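Each value in this text was obtained by applying a stated rule to the coordinates, not by laboratory testing. All values reported here derive from a predicted model rather than from experimental measurement. Cβ sites come from the backbone with ideal geometry, for glycine too, and all protein chains shown count toward neighbours.
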Amino acid sequence: MDSSMNYLLYWAAYLLAALVFYVIFWKITKTGRPVLFSYLLRGLMLALIITPWYSNSQNEQFAPALMVVTLDAITIGPSEAIRALVLLILSLILAFIVSLILYFKNRIKYK
């Protein structure tokens, strides 16, 4: 097996595990009616899990941004962890905005 096939297998395993975790998280935060806190938690969790970023500056392969931030902070230093942290924060802001829009849309439909 070549490295590109391994790369795809690693991503498939990660996405499958993320899907299982997210379904469990969804069931835990499920309520009978639209609750803003549930929408925000779900959106932020999805953005945190799924956001990709380059695994290193010389490579074109992606890795989960949360893992890149953590491993760069541990191995290289906090100054290098910022490169993925910026994208992760932007992703969380976008998830926050989308969650708010979905909440208000569903709240109107629920009434």
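Counting other beta carbons within 10 Å of each residue's own, what order do L46, L15 fall into, fewest first?
Details: L46 18, L15 13.
Starting with the residue having the fewest Cβ neighbours, the order is L15, L46.
Given labels modelled 7 Å from the Cα in the Cβ direction, how far is it in nm from L71 to F104?
Once both label points are built, they end up 4.0 nm from each other.
Name the trypsin sites (Lys or Arg not before Pro) in region 1-93 that are in a loop by DSSP and that have at most 10 other C-beta atoms within 10 Å, would you?
Values: sites: K27, K30, R42, R83; in loops: K30.
Those that pass, being in a loop and sparsely packed, are K30.
Counting other beta carbons within 10 Å of each Cβ, put D2, D72 in order, fewest first.
Details: D2 6, D72 22.
The fewest-first ordering by Cβ neighbours comes to D2, D72.
Modelled label-to-label distance, T29 and F96, 7 Å Cα→beta-carbon offset: nm?
Result for the modelled spin labels: 1.4 nm.
With Cα Rg over 2.2 N^0.38 Å in mind, check (i) 1.27; (ii) 1.16; (iii) 2.39 and report the label derived from this structure.
Looking at Cα Rg over 2.2 N^0.38 Å for this model, the match is (i).
Return E60, E80 ranked ascending by Cβ neighbour count within 10 Å, so the fewest neighbours appear first.
Details: E60 7, E80 17.
Going from sparsest to densest Cβ surroundings: E60, E80.
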